[in-house]
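Report on one structure; see the data block that follows.
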2 protein chains.
Amino acid sequence: MTLPLPAAPFKPPYAACIFVYTRTTGDNGYAERAGEMAKLAANQPGFLGVDSVIDADGYGILVSYWRDEQSITAWREHAAHAAARVAGRDRWYEAVTVHVATVERAYGFTRPGTRG
Amino acid sequence: MTLPLPAAPFKPPYAACIFVYTRTTGDNGYAERAGEMAKLAANQPGFLGVDSVIDADGYGILVSYWRDEQSITAWREHAAHAAARVAGRDRWYEAVTVHVATVERAYGFTRPGTRG
């Protein structure tokens, strides 16, 4: 069994974009576009990693980690991402809150044998 | 139908504790203690709010929002919370990553009619 695991801590300081959302009902092209956006984001300068969880009610949290806030701003202004955000507001999300933050401390543990 | 909704944005700056985890299998007293901790946290000085999502695989993200990082540290040092963390490491979590951050910007939207 492959467990979904948290991204390991990065070396502070770095930036985090906390995206909390409730999905509308129905897919409306969401899954495909979200997959494209995830791939594109992972190729942007300054991208470090991501954690993303959604439950059966369509309530989700996606935290992306970046080298600095400028990297988040650049991704925000990326044309394909900007277009996806319009669709998000129009069709995919019932409610969204975004928190842009600087991470000052990070730590964690993994039970022995869990990773690889 | 009552949708689970993201906490509304707070007025920056404030602190966020991003807790990302994978649960072990079985409850092992987790649900009851987690409920107690949520109630206790909500009564601590500086607590602003929380967003918490877990999926069917036991992969979850809990983000708690606080007036400042001192409030997070005080909650971390609370005796009942410290005891729960020991149980978390021993029994409840396969892997955990914690990111402590300062939120500099926050925004969001709610589709008209969604909230109350």
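Read-outs throughout are calculated quantities, based only on the coordinates presented, and are distinct from any laboratory measurement. Since the model is a prediction, treat every value here as computed from it, not as a measurement. Cβ coordinates were reconstructed from backbone atoms using ideal geometry, including for glycine residues, and neighbour counts include every protein chain displayed.
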What average number of partner chain Cβ atoms lie no more than 10 Å from the Cβ of the residues making up B:45-56? 3
Per residue, the convex hull enclosing the alpha carbons of chain B has a volume in Å³ of 125
List the distances, in nm to one decimal, from the label point of B:Ala82 to the label points of the same position in every other copy, shortest first, placing each label point 7 Å from Cα along the Cα-to-Cβ direction. 5.2
All-pairs Cα distance distribution in the protein assembly as shown, expressed in whole percent, bin size 5 Å: 1, 6, 13, 18, 20, 18, 12, 7, 2, 0
Over the whole of B:9-19, what's the average partner chain Cβ count within 10 Å per residue? Rounded to a whole number, please. 3
In peptide A:87-99, what is the residue-averaged number of other protein chain Cβ atoms found within 10 Å of each Cβ? 6
If one builds a Gaussian network model of chain A from Cα atoms under 10 Å apart, the most fluctuating residue listed among A:Ala42, A:Ala56, A:Ala79 is A:Ala56
From the label point of B:Thr2, set 7 Å along Cα to the beta carbon, how far off in nm is each other copy's matching point, shortest first? 3.8
Set of aspartates and glutamates with alpha-carbon distance to B:Lys11 below 17 Å, sequence-local pairs under 8 removed: B:Asp51, B:Asp68, B:Glu69, B:Glu104
Between beta-carbons, use under 10 Å as the cut-off and find the net charge around B:Leu5, counting Lys and Arg +1, Asp and Glu -1. -1
